[in-house]
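Quick notes on the structure that follows.
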Amino acid sequence: MKTFYRNIIFSDHELIKGLRYKDIFQIKPMRFENAPNSEHIKYYPLLIEYWIDGDEIPNTTELPDSLLKLSLQTEKVHGLLDLLTAITNYNFFWYSLDGFNWFIPVPEDITKINNEDSSSVGMGLYYYPQMSKDLLIDGFSEHDYMDITLANDYYYFTHFDSFKYIAFPVSYEKFLDNYFNLDPQTKSKIDSVLKLIKHGVETLPKYKSLSFISFISAIETLVNEEYRDENKKIEYSCDKCKAIKDSPFKCEDCGNPTWAIGFKFKEFLKKHVSSSTGSVTKYNKIYNLRSKIVHSGNLLLGDNNLTIWEHPDKSEKEYVTHLETMQLSRLSLFNWILKI
């Protein structure tokens, strides 16, 4: 038996139109009369609707049934948030209780803040008294919105700052069809890619090097899936140190067998994103930056406030490369799934 749920989630862009993907989920603008709002915060609330089948609830006596349902609901929402963040240009997220924090109350007229105000303790939680009633549904709610704006896939991901409100790539439905039909083993890997992209998006403002590596790891996970059969043909002369005896990949200079990690990374992007000369140059720059961070302990300049001011031009170039890598992870995932 299906139980339907509606939750308030958030995004860094406003949703003014809606979307329902078949019988799986629906996102729509939130228009509740009593819901709080503010001009000061640029995290925009929206609604997501979905369902959970009773058969999905595991049989266990270790946890009460209500807690099991809540855990399953939380897992379902986070999976959809990862998915939406990875296949669009936005961050979709859900406020979760992570302890208490200090806050300064901010009135709508921000000029009224003065030195007499004191910090108070609060929780990061979006709530109002009528919320539980507003969120109660027994099926997908009515289609009372305009359909979401769609844009050409490549343009959408390469011009991500061109959309004021939430829009979707035109092939999103085919992507979701293919994604939800993946075999369990492949879907598990792709879910890891979604999570890595999500982590990269969320850590980008604060932990830039970590964010960059998350996007790279997402691409490399896809690369491993792309070359899964070829990787199985690699033979080792020593199982302990993994010295390579034979491989489908050979060094272009000496002809010795190799893992060809960098080669596969670039070939994958050439196949699934673009093979233009400018794009290949970009892939080389991104991979070299990846190697400096992973193997040499170099950090992006954005992780050190002093070096931003010492090298503003380099810092700006690294930031652009960071954003390009974010979009490459999204676009390569999108195109890879479309070709399955």
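Residue check: is Tyr179 among the hydroxyl-bearing types (Ser, Thr, Tyr) and either part of a helix (DSSP H, G or I) or under 18 Å from the mean Cα position of the chain (by Cα) (or both)? Talk me through it step by step, then tell me what you get.
Details: among the hydroxyl-bearing types (Ser, Thr, Tyr): yes; either part of a helix (DSSP H, G or I) or under 18 Å from the mean Cα position of the chain (by Cα) (or both): yes.
Spelling it out, Tyr179 is indeed among the hydroxyl-bearing types (Ser, Thr, Tyr) and either part of a helix (DSSP H, G or I) or under 18 Å from the mean Cα position of the chain (by Cα) (or both).
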Worksheet item: Out of all the residues in the stretch 116-147, which are more than 26 Å from the chain's Cα centre (by Cα) and of a type in the set (A, V, I, L, M, F, W, C)?
Response: Val121, Met131, Leu136, Ile137
Item to complete: Please work out which one of (1) surrounded by 12 or more Cβ atoms within 10 Å (Cβ to Cβ); (2) in contact (Cβ under 8 Å) with a residue 40 or more places away in the chain is the condition Asp138 fails and give its number.
Response: (1)
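Do we have Ser71 as outside the structural domain of Phe215 (by TED's automatic domain parsing), hydroxyl-bearing (Ser, Thr, Tyr) and either at pLDDT 90 or above or under 27 Å from His199 (Cα atoms) (or both) here?
On the way: outside the structural domain of Phe215 (by TED's automatic domain parsing): yes; hydroxyl-bearing (Ser, Thr, Tyr): yes; either at pLDDT 90 or above or under 27 Å from His199 (Cα atoms) (or both): yes.
Here the answer is yes, as Ser71 does meet what is asked.
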Discussion item. Just the residues that are touching a Ser or Thr at 6+ places or on another chain (Cβ under 9 Å) and not in a helix (DSSP H, G or I), please, taken from the stretch 220-242.
Written reply: Lys233, Ile234, Glu235
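Given Pro36, Pro29, which one is under 30 Å from Pro105 (Cα atoms), assigned by TED's automatic domain parsing to the domain that holds Lys76 and touching a Gly at 6+ places or on another chain (Cβ under 9 Å)?
Working: Pro36 fails: touching a Gly at 6+ places or on another chain (Cβ under 9 Å).
It is Pro29.
Considering the stretch 11-51 alone, what residues qualify as being of a type outside the set (Asp, Glu) and within 17 Å of Lys76 (Cβ to Cβ)? Talk me through it step by step, then tell me what you get.
To start, the set of residues in the stretch 11-51 that are of a type outside the set (Asp, Glu) comprises 11, 13, 15-22, 24-32, 34-38, 40-48, 50-51.
Within the stretch 11-51, Arg20, Tyr21, Lys22, Ile24, Phe25, Gln26, Ile27, Leu46, Leu47, Ile48, Tyr50, Trp51 meet the criteria.
Yes or no, residue by residue, for (1) touching a residue at least 24 places away in the same chain (Cβ under 8 Å); (2) touching a Cys at 6+ places or on another chain (Cβ under 9 Å); (3) of a type in the set (D, E, K, R); (4) surrounded by 17 or more Cβ atoms within 10 Å (Cβ to Cβ):
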| residue | (1), (2), (3), (4) |
| --- | --- |
| Lys233 | no, no, yes, no |
| Ser247 | no, no, no, yes |
| Phe268 | yes, no, no, yes |
| Thr277 | no, no, no, no |
Worksheet item: Scanning the stretch 1-55 for residues that are in a loop (DSSP other than H, G, I, E, B) and aliphatic (A, V, I, L, M), which turns out surrounded by the fewest Cβ atoms within 10 Å (Cβ to Cβ)?
Response: Met1
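Restricting attention to helices (runs of 4 or more DSSP H) lying wholly within the stretch 276-340, give those where 1 or more residues are modelled with pLDDT of 95 or more and within 30 Å of Ser188 (Cβ to Cβ).
277-296, 312-338
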Discussion item. All but one of (1) farther than 28 Å from Ser274 by Cβ; (2) touching a residue at least 24 places away in the same chain (Cβ under 8 Å); (3) among the small types (Gly, Ala, Ser) hold for Gly200; state the number of the condition that does not hold.
Written reply: (1)
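The values are calculated or read from the model by the stated rules, or taken from the named source; none is laboratory data. These figures come from a predicted structure and were not determined experimentally. Cβ coordinates were reconstructed from backbone atoms using ideal geometry, including for glycine residues, and neighbour counts include every protein chain displayed.
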